[in-house]
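> Can you read through this structure? Questions will come right after.
All of the numbers you see were taken from the coordinates with simple rules; none came from a lab. Worth saying up front: this structure is predicted, and the values here are computed from it rather than measured. With ideal geometry, Cβ positions are generated from the backbone for all residues, glycine too; neighbour counts draw on all protein chains shown.
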Amino acid sequence: MTADRHDRQPPYPPYETTAGHGTGTPLVLDRRDGPHGEVVLRRHGRLLQIIANGCFLMDTSDGRSERLLVRAALEELDAGGGRPSPSVLIGGLGVGFSLAQAAAEPRWARITVVEREEAVIDWHRDGPLGEISSGALADPRVRIVRADLLAHLAGGGSGGPPGGEEPYDALCLDIDNGPDWTVTEDNGSLYTPAGLAACARRLAPGGVLAVWSAQPSHAFGEALRNAGFTRVRTEEVPVARGVPDVVHLATRPA
């Protein structure tokens with residue numbers, strides 16, 4: 001679909017909370033062609049799913065690791081001395097678990113979400129994903145930026161953030177499947193030395209970088225250390241099948 005969000009009235013079926021857990025035939029709720037390919041929102045039983053370029057990307061079945069991404073970043077800030085009114089940038093809106101976690105924490109004074117797919121933003125503003133993000137887009141602390149994350153991070157050049165914007169106390173990044181496997185090839189640039197340097201520039205001294213990954217990555221931990229981050233560690237969340245989800249945590253030196 002290419003119609004403007006305000007002109008489109010999609011017949012979204014209601015988000016089911018009692019139907020089967022991913023049973024039956026998936027129902028396509030919306031399909032869009034964007035600058036980065038096709039994105040699809042489906043309902044499968046009680047689950048909502050996002051498909052990117054024919055590849056399953058995420059669904060609403062769990063959300064523990066996505067919430068941990070934000071919660072662990074704040075805990076790491078506290079362990080480093082804390083901030084009176086911390087700010088967070090969430091990279092990737094997705095199905096909204098991370099944003100919901102941030103909005104539920106009154107200590108976050110400024111919450112910026114960078115999402116490059118207009119369709120995903122629409123699905124939260126006036127579609128069924130709004131139930132997952134719990135109406136957080138209406139929170140006055142929340143600002144949604146439609147942009148490529150790395151371009152947004154690097155926009156300030158070596159002199160600092162774009163437009164003189166204050167740096168963030170935490171960056172919570174959930175882009176693609178993490179550093180070792182990306183559905184969209186150019187997403188991998190976020191995890192390169194140049195991408196990590198851009199992250200460091202957007203962090204205040206002592207700020208925390210939290211990165212979600214669909215699998216453990218020793219190499220990414222080393223990349224964080226090589227980029228100058230300290231207190232590099234991981235937290236794992238077991239999943240029903242396969243390797244655990246992982247949150248990588250690292251701190252910009254004060």
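> Apply the Debye scattering formula to the chain, with a single equal point scatterer on each alpha-carbon and no solvent, then give log10 I(q)/I(0) at q = 0.08, 0.10, 0.11 Å⁻¹.
Per q value, in the given order, log10 I(q)/I(0) is -0.29, -0.47, -0.57.
> Give, rounded to the nearest 20 debye, the magnitude of the charge dipole that segment 64-251 has about its Cα centre when Lys and Arg contribute +1 at Cβ and Asp and Glu contribute -1 at Cβ.
520 debye
> Please sort through the DSSP H helices of the chain and keep those with an alpha-carbon extent of at least 27 Å along the long axis and a Kyte-Doolittle average not below 0.0.
none
> Got a sec? Charge dipole of segment 64-251, +1 on Cβ for Lys and Arg, -1 for Asp and Glu; which of Pro205, Val246, Gly130 is way out at the positive end?
With unit charges placed on the Cβ atoms, the residue in question is Pro205.
> Can you give the relative contact order of the chain as a percent, counting alpha carbon pairs under 8 Å and 6+ residues apart?
It rounds to 15 percent for the chain.
> Continuing with the same structure: Do any trypsin sites (Lys or Arg not before Pro) in segment 215-249 lie in a loop, going by DSSP, with at most 15 other beta-carbon atoms within 10 Å of their beta carbon, and if so which?
Those that pass, being in a loop and sparsely packed, are Arg241.
> Taking the Cβ of Arg225 as the center, what net charge do the other residues with Cβ under 13 Å away carry, scoring Lys and Arg +1 and Asp and Glu -1?
With Lys, Arg at +1 and Asp, Glu at -1, the neighbours total +2.
> Quick check: net charge around Arg116, other residues with Cβ under 10 Å of its Cβ, Lys/Arg +1 and Asp/Glu -1?
-3
> Which three numbers, in whole Å and largest first, are the semi-axes of the equivalent ellipsoid of segment 31-174 derived from its Cα gyration tensor as √(5λ)?
The answer is 26, 19, 13 Å, longest axis first.
> Give me the distance between the Cα centres of segment 76-103 and segment 197-250, rounded to whole Å.
15 Å
> In addition: By how many nm would the segment from Ala104 to Glu222 grow when fully extended, if each residue of separation counts as 0.36 nm and the alpha-carbon distance is taken off?
39.2 nm
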